[in-house]
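Peer 1: One structure, pasted below without further comment.
The values are calculated or read from the model by the stated rules, or taken from the named source; none is laboratory data. Note that the structure is a prediction, hence the values are computed from the model and not measured. Quick reminder, even Gly has a Cβ in these numbers, built from the backbone with ideal geometry, and neighbours come from all protein chains shown.
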Amino acid sequence: MGKAFDIGLERLTASDGLPEWKLESAVKSDCANSPVDFLQGGAGTFYLETFGCQMNDHDSEKVAGVLLARGYSQVETPDAAKVILYNTCSIREKAAQKVFSRLGEYRTTRKEGQVIGVLGCVAQQEGEDIFERAPWVSLVCGSASYRKLPEMIAQLEAGNRRITGLDNDTDETFETEITRRDNPFRAYLTIIEGCDKACSYCVVPFTRGPERSRASASILEEVRKLADSGYSEIQLLGQTVNSYADPGARKMRFADLLVAVAEVGGIRRVRFTTSHPRDFGKDIVDAIESYPVLCDHVHLPVQSGSSAILRAMQRTYTRDEYLEKISLMRAAKRPISITTDIIVGFPGETEKDFAETLSLLDEVGYDGAYSFKYSPRPNTPSLKMEDAVPEEEKSRRLAILMEKQKAIQTARNEALIGQVFEVLVDGKSKKENQWYGHTSRNQVMNFSSQRQEILGHYVQARVTSAVPNTLFGKEDEVMRQ
Ligand code: 5AD
Ligand code: SF4
């Protein structure tokens, strides 16, 4: 996504390049502010870098919206900024370390008057300790306090040395009317914040607090506004998006909400991520089956194929129960693409447990898998578990798993050759007449088209060849709309 992303190397599904519309906006916002005038004029300039997941991407859109609405302008280099903000991820140690090494760069290069702020999960997790580790940081702010950022920055400018905003159980982050969305066709929308699931390895319940769902009436109103302003794809977000429980009078379940969003005029695609297997039921599959607007893709993290490890992870389902959810999807009339997350080397994971994860890959036939080495995290129950798997063994298992999944994806993608898919065109590649976008199955497709100006359009393209992470094809003349 054109941002620092800690799992790039481990990821088996395709990762996007920097789409052209992002490059364009980067250039536009850059020219107004030269490095010398960053302290002068208007409310000032800010630089914002995002690490981690889609929730963080979307949070950054909210941060940018809040600051732009207050007269700030965004610049593309820290050098040119009065306020430097890092929206951070702490899901694995490597991600958190990356933030501190980035902050380290400012120990000596920070300019007089520049504000350096840490936002997001590392902020929430480390709190004021960040000031000890990086004394040149003056702002530490968790996701529930982003609306207060302009006031917090103003206080720093008024002479306060340090400021924190670390509440994590308010629903203020839902007020997204001033969000500055990065993509002109696809809009993220948070429907549930936080997580109540307590998986034994995971920091999210600590960094993002308890589950809070947003009222369906407010979600639907925003979807209608987004449709009116030209967005055709909506991506509903939540750490456990399908645990959604409407606090409003309509008391919608997640599947009801999916249908209601799908019925909004002008919306052509609805995606949702991430689903938790425990709350994934037939009602969701029925909704997908009945509404083609609901994309043919479900991301359903399994984490391990061994019931013993799933129990130790406190995932609240067994291998067989997970496979029942997969059967529900495989029984749907429309093929549904399934992707997952897997952790290897959880404490106590034996060779036999790992073999069960490998056999699960074959049994399910995933179209993509994000795989990770287990990383011990502060405050989590698994931190104290015995039988740690040595680092080299985790690496060995990860490599085997990735190799296997690559072979599965190659075979599955090659089986798509000759089929036609609808692609929402995200960008134009440097090669002449070459475009790229995503299918409803969420696969990246590069295709040729003689037409111009198809950015943001829905195009029918036929697959002519495929690699594990990408389909290649050409626009289907017969089916052109
Ligand atoms: N170590 C490794 N991977 C983790 N994940 C979450 N916590 C950890 C951890 N401590 C992975 C899970 C989750 C994804 C977002 O990150 O697979 O689904
Ligand atoms: Fe973390 Fe588990 Fe919640 Fe996902 S469901 S955010 S892995 S605690």
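Peer 1: Take residue 426 and decide whether it is among the acidic types (Asp, Glu) and either within 16 Å of ligand 2 (Cβ to nearest atom) or surrounded by 14 or more Cβ atoms within 10 Å (Cβ to Cβ) (or both). Break it down stepwise before answering.
Peer 2: Values: among the acidic types (Asp, Glu): yes; either within 16 Å of ligand 2 (Cβ to nearest atom) or surrounded by 14 or more Cβ atoms within 10 Å (Cβ to Cβ) (or both): yes.
Judged against the criteria, residue 426 is a match.
Peer 1: Within the set of pairs 6+ apart or on separate chains, which have a first residue in segment 308-325 that is hydroxyl-bearing (Ser, Thr, Tyr), a second that is within 16 Å of ligand 1 (Cβ to nearest atom), and C-beta atoms under 7 Å apart?
Peer 2: 316/278; 317/277; 317/278; 317/310; 318/310; 322/277; 322/302
Peer 1: So, one more: Taking segment 116-146 as the region of interest, how many residues are buried (at least 18 other Cβ atoms within 10 Å of the Cβ), over 20 Å from residue 78 (Cα atoms) and not hydroxyl-bearing (Ser, Thr, Tyr)?
Peer 2: Total satisfying the criteria: 6.
Peer 1: Quick one: is residue 273 within 22 Å of residue 227 (Cβ to Cβ), surrounded by 19 or more Cβ atoms within 10 Å (Cβ to Cβ), touching a strand residue (DSSP E or B) at 6+ places or on another chain (Cβ under 6 Å) and of a type in the set (S, T, N, Q)? Lay out the reasoning, then the answer.
Peer 2: On the way: within 22 Å of residue 227 (Cβ to Cβ): yes; surrounded by 19 or more Cβ atoms within 10 Å (Cβ to Cβ): yes; touching a strand residue (DSSP E or B) at 6+ places or on another chain (Cβ under 6 Å): yes; of a type in the set (S, T, N, Q): yes.
Yes.
Peer 1: Give the residue that is surrounded by the fewest Cβ atoms within 10 Å (Cβ to Cβ), with candidates limited to residues of segment 49-75 that are part of a helix (DSSP H, G or I) and over 14 Å from the mean Cα position of the chain (by Cα).
Peer 2: Applying the first criterion (part of a helix (DSSP H, G or I)) to segment 49-75 yields 54-69.
So of that shortlist, the ones also over 14 Å from the mean Cα position of the chain (by Cα) come out as 62-69.
Values: 62: 25, 63: 26, 64: 23, 65: 18, 66: 20, 67: 25, 68: 17, 69: 14.
If we take residues in segment 49-75 being part of a helix (DSSP H, G or I) and over 14 Å from the mean Cα position of the chain (by Cα), then 69 is surrounded by the fewest Cβ atoms within 10 Å (Cβ to Cβ).
Peer 1: Ok, one more. With respect to residue 374, is the statement that it is aromatic (Phe, Trp, Tyr) and touching a Pro at 6+ places or on another chain (Cβ under 8 Å) true? Before the answer, list the steps.
Peer 2: Numbers: aromatic (Phe, Trp, Tyr): yes; touching a Pro at 6+ places or on another chain (Cβ under 8 Å): yes.
Here the answer is yes, as residue 374 does meet what is asked.
Peer 1: Next up: Please determine, by comparing only the residues of segment 121-152 that are of a type in the set (Phe, Trp, Tyr) and in a helix (DSSP H, G or I), which one is farthest from residue 111 (Cα to Cα). Before the answer, list the steps.
Peer 2: First pass over segment 121-152, keeping only residues of a type in the set (Phe, Trp, Tyr): 131, 136, 146.
From what is left, the residues that are in a helix (DSSP H, G or I) are 131, 146.
Details: 131: 18, 146: 24 Å.
Restricting to residues being of a type in the set (Phe, Trp, Tyr) and in a helix (DSSP H, G or I), the top hit is 146.
Peer 1: Just need a number here: residues in segment 250-296 that are within 19 Å of the chain's Cα centre (by Cα) and within 16 Å of ligand 1 (Cβ to nearest atom).
Peer 2: Final tally of qualifying residues: 6.
Peer 1: Still on this structure, I have one more. Among the residues of segment 392-403, are any surrounded by fewer than 17 Cβ atoms within 10 Å (Cβ to Cβ) and touching a residue at least 24 places away in the same chain (Cβ under 8 Å)? Please lay out each step first, then the result.
Peer 2: First, the residues of segment 392-403 that are surrounded by fewer than 17 Cβ atoms within 10 Å (Cβ to Cβ): 392-393, 395-396, 399-400, 403.
Still in the list and also touching a residue at least 24 places away in the same chain (Cβ under 8 Å): 393, 400.
Checked against the condition, which is being surrounded by fewer than 17 Cβ atoms within 10 Å (Cβ to Cβ) and touching a residue at least 24 places away in the same chain (Cβ under 8 Å), segment 392-403 yields at least one hit.
Peer 1: Here's something else I'd like to know. Return yes or no: is residue 97 surrounded by fewer than 19 Cβ atoms within 10 Å (Cβ to Cβ), within 16 Å of ligand 1 (Cβ to nearest atom), of a type outside the set (Ser, Thr, Tyr) and under 23 Å from residue 208 (Cβ atoms)? Full working, then the answer.
Peer 2: Details: surrounded by fewer than 19 Cβ atoms within 10 Å (Cβ to Cβ): yes; within 16 Å of ligand 1 (Cβ to nearest atom): yes; of a type outside the set (Ser, Thr, Tyr): yes; under 23 Å from residue 208 (Cβ atoms): yes.
Answer is yes for this residue.
Peer 1: Can you run down the residue pairs with Cβ atoms below 6 Å, 6 or more apart or on separate chains, where the first is in segment 334-348 and over 22 Å from residue 286 (Cβ atoms) and the partner is among the β-branched types (Val, Ile, Thr)?
Peer 2: Correct list of pairs: 345/389; 346/309.
Peer 1: Hey, can you tell me all the residues within segment 343-365 that are within 13 Å of ligand 1 (Cβ to nearest atom) and under 20 Å from residue 405 (Cβ atoms)?
Peer 2: 343, 344, 345, 346, 349, 357
Peer 1: Which one of these does residue 201 not meet: (1) modelled with pLDDT of 95 or more; (2) closer than 23 Å to residue 283 by Cα; (3) surrounded by 20 or more Cβ atoms within 10 Å (Cβ to Cβ)?
Peer 2: Residue 201 satisfies every listed condition except (2).
Peer 1: So which residues in segment 311-342 are within 19 Å of residue 199 (Cα to Cα) and within 15 Å of ligand 1 (Cβ to nearest atom)?
Peer 2: Correct list: 312, 313, 314, 315, 316, 317, 322, 340, 341, 342.
Peer 1: Then there is this: May I ask you to verify whether residue 190 is of a type in the set (Val, Ile, Thr), under 30 Å from residue 238 (Cβ atoms), under 17 Å from the mean Cα position of the chain (by Cα) and modelled with pLDDT under 90? It would help to see each step written out before you state the result.
Peer 2: Numbers: of a type in the set (Val, Ile, Thr): yes; under 30 Å from residue 238 (Cβ atoms): yes; under 17 Å from the mean Cα position of the chain (by Cα): yes; modelled with pLDDT under 90: no.
So residue 190 fails the test.
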